[in-house]
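Below is one structure, written out as structure tokens, with a few remarks after it.
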Amino acid sequence: MATTTYTSIDRATVEKIKDAANIVDVVSEFVTLRKSGANYKGLCPFHNEKTPSFIVSPARGTCHCFGCGKGGNAVTFIMEHEQMTYPEALRWLAAKYHIEIRERVMTDEERREQSERESMFIVNEWAASYFEQLLHSGSEGQAYGMQYLRSRGFRDDVIRKFRLGYDLQDRQALATTAQAKGYQSDFLLKTGICYRNDRGQLIDRYAGRVIFPWLGQSGKVVGFTARVLDARTKGVNMKYVNSPDSDIYHKANELYGIYQAKKAIAKADKVYLVEGQADVISMHQAGIENVVAGSGTALSFQQIHILHRLTSHITLIYDDDEAGLHAALKGTDMLLSEGMNLKVLLLPDGEDPDSFARKHSAEELRGYIDKHETDFIQFKMDLLLRDEHDPVKRTEAINSIVKSISLVQNPILRDTYVQNCVHRIGIAEVTLINMMNKFIREAREGHQADNQAVQQAPRQQPVLQPASLVLDPQQAAMERVERMLVQMLVRNGGKTVLRDVEDEQGQLISLSVAQYIYYNFLPDHLRFSNELYNRILDEAVAHSDDPQFDAESYFIHHADLDISRLATEVSVDQLQLIKGEEDSQPLNEEERLQREAGEEERLLGQTRHLILDFRMDYVERKLRTLKKEIAESVADAGRMADLLKEYADMQKIRNALAQKLGNNILM
């Protein structure tokens, strides 16, 4: 194999690509835009609409849909629209603007790791092509492999689309061919394509089987599933053989068909999850392409995160037998906890997606799905409470249902589910709410106790009070204030709001918006509840002394895609975007200074007011917590006295804040 120098795109080239990418030019390749004031408008490419609500702002370098909320900068637009990774989108833009990709030479350790990974991908790609060639051109592949696939009803175009193949029955043929072409045995072993027998010989793991390659989101071959042919299944313990876990393949991280389905999922804003590879292929063949399959194990958070980047709507499709019902219940709480809108479809008895899709047209299949897919919580109630009269089992079922409801993110939807449970089960509303609050508290405590699982834990939810399933108003108010503060940081974080302030050494300094917020938070160790907001504050403060720092541009084009997306969202000003930023008459020096002074005063007033709101919300929540602790400490007179004093002190702070807010109302 040829020697390869392994590199990555250097930072200077990344910045050059971002600077060259004109948002109007990029979006225009996919959307027809027309001028609207200082901006451009068109039909959103991410959802169906008749009235244009997709706005492109050349001044900010962003796009945003006021209908579905999607948008971003040039890089994130290409990632979203073309379903590319970050490096792929950068290379796409580099090619468009004829920018030579300058690579950063990796360290020896990076080069070694990258070299091994790339070598494994190269070996997998060769093996996939080898299997394809044997299927389409080899006599054994035609006689056995192709005959089997056609007996399953797979068309030739779909066989090629999914790169299906066949492996010879000779268990040493693949290794012999690979080594003759220069592929090292070490990588045949690391990918799991081969293993060594007791005599040290390289043995082909998939010999005599039909091959289903697994393609990652970028289209690279990460692994294989090999199925023994029907004629040989009798007495065979392992009908399917999968690639073992390796540096490039972890079955808990992969979804079969994701590469072929990702654009259809994003376009439909929905994904169907089925059990096997044949199910995916048959549904594609029937015209439903937004479908993927797991890897024969319970859903993982990694798989859910892959899907959630494409859509929030998922329907699980299983056959209506005991195994199907069991599968429908596995992993569903994780989907709910990640904010997925979950439905379940059970096919008629004896049918699976593969057989059902082959018997029906695309229109019939879609019609059946639309008519029979069921909201998951309703499905779970119907399943677990159906004809169940045993008190213990009924209690277990109700607990399971309420736990699932506690994970639903939408508070109004939770309300609906609880009301349905009240009518269906006949248990008092207050009892169900208390059960749900218990599950929410346990999830929160588990979330706080295990920092390693922060990315996998359910999003923190307010504990609900009986008779109210609507999101806690104070919690919602604090979230709004936090978002307004981070919006201020993104739009104006580097702008000066106070001049000639003495620091600890007696030096006169100026404070930016970011510094003003930071130094107001510092004495009381205040932080945002959203860690992404804290990162934006910290970075804005770190760059505030740079006279060239433009917070909005910096965060919109940030390398961290989560920060970039958030900055794009909060930077959008609908009134400005629609009216445009009309050219004004040039100002003389005195007028310019007056305007700058007025702008600083306005920003200072707004920032000060938001900080006071933030403190007030913090104090109100603290008072509520103290009130609850006081009620729980009746038996401990000493602790109650301390809590009452703290409560009184906190009330004084609240009253002082209220007075300040009353005297600082912004017009």
Check your understanding: Of the accessible area of the range 175-279, with the probe set at 1.4 angstrom, what percent is carbon plus sulfur?
Key -> 45
**Study point:** Rg/Rh (Cα only; Kirkwood hydrodynamic radius) as it applies to the range 339-384
**Key:** 1.02
Revision key, fill the gap. Note: Thr176 to Gln548 extended length (0.36 nm per residue) minus current alpha-carbon separation gives 127.8 nm
Review point. So how much slack lies between Asn534 and Ser53, counting 0.36 nm per residue of separation and subtracting their Cα-Cα distance, in nm?
Key: 170.0 nm
Practice item. Averaging sequence separations of C-alpha pairs under 8 Å and six or more residues apart, then dividing by the length of the range 23-160, give the relative contact order as a whole percent. Key: 11
Check your understanding: Based on the Cα atoms of the range 110-216, what semi-axes does the equivalent ellipsoid have, where each is the square root of 5 times one gyration tensor eigenvalue, given in whole Å with the largest first?
Key -> 26, 17, 10
Practice item. Give the peptides 520-526, 29-35, 435-441 in descending order of average Cβ contacts within 10 Å, highest first. Key: 435-441, 29-35, 520-526
Check your understanding: For the range 39-94, what size does the Cα cloud have along each of its three principal axes, sorted from largest down, in whole Å?
Key -> 33, 25, 14
Review point. Over the heavy atoms of Lys18, what accessible area does a 1.4 Å probe trace out, to the nearest 10 Å²?
Key: 20
Revision key, fill the gap. Simple SL model, points at 7 angstrom along Cα→Cβ for Arg480 and Ser361; separation in nm is 5.1
Review point. Considering only protein heavy atoms, what per residue accessible area in square angstrom results for the range 136-212 with a 1.4 angstrom probe?
Key: 47
**Study point:** Restraint check, Lys263/Lys330; Lys190/Lys262; Lys267/Lys371; Lys495/Lys622, Cα-Cα greater than 25 Å
**Key:** Lys263/Lys330; Lys190/Lys262; Lys495/Lys622
Check your understanding: Looking at the range 318-437, what % of the alpha carbon pairs are farther apart than 26 Å?
Key -> 27
Revision key, fill the gap. Averaged over all viewing directions, the convex hull of the alpha carbons in the range 156-303 casts a projected area in nm² of 10.3
**Study point:** Neighbourhood charge, 12 Å Cβ-Cβ cut-off, centred on Cys65 and excluding it, Lys, Arg +1 and Asp, Glu -1
**Key:** -1
Revision key, fill the gap. Descending packing, highest mean Cβ count within 10 Å first, for 309-318, 373-382, 629-638 is 309-318, 373-382, 629-638
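The values are calculated or read from the model by the stated rules, or taken from the named source; none is laboratory data. Keep in mind it's a predicted model, so treat the numbers as computed, not measured. A quick note on method: Cβ atoms are made from the backbone with ideal geometry, for glycine too, and the neighbour counts reach across all protein chains shown. Accessible surface is based on the protein model in full, side chains and every heavy atom, while ligands, DNA and RNA are left aside. Shrake-Rupley method; radii C 1.70, N 1.55, O 1.52, S 1.80 Å.
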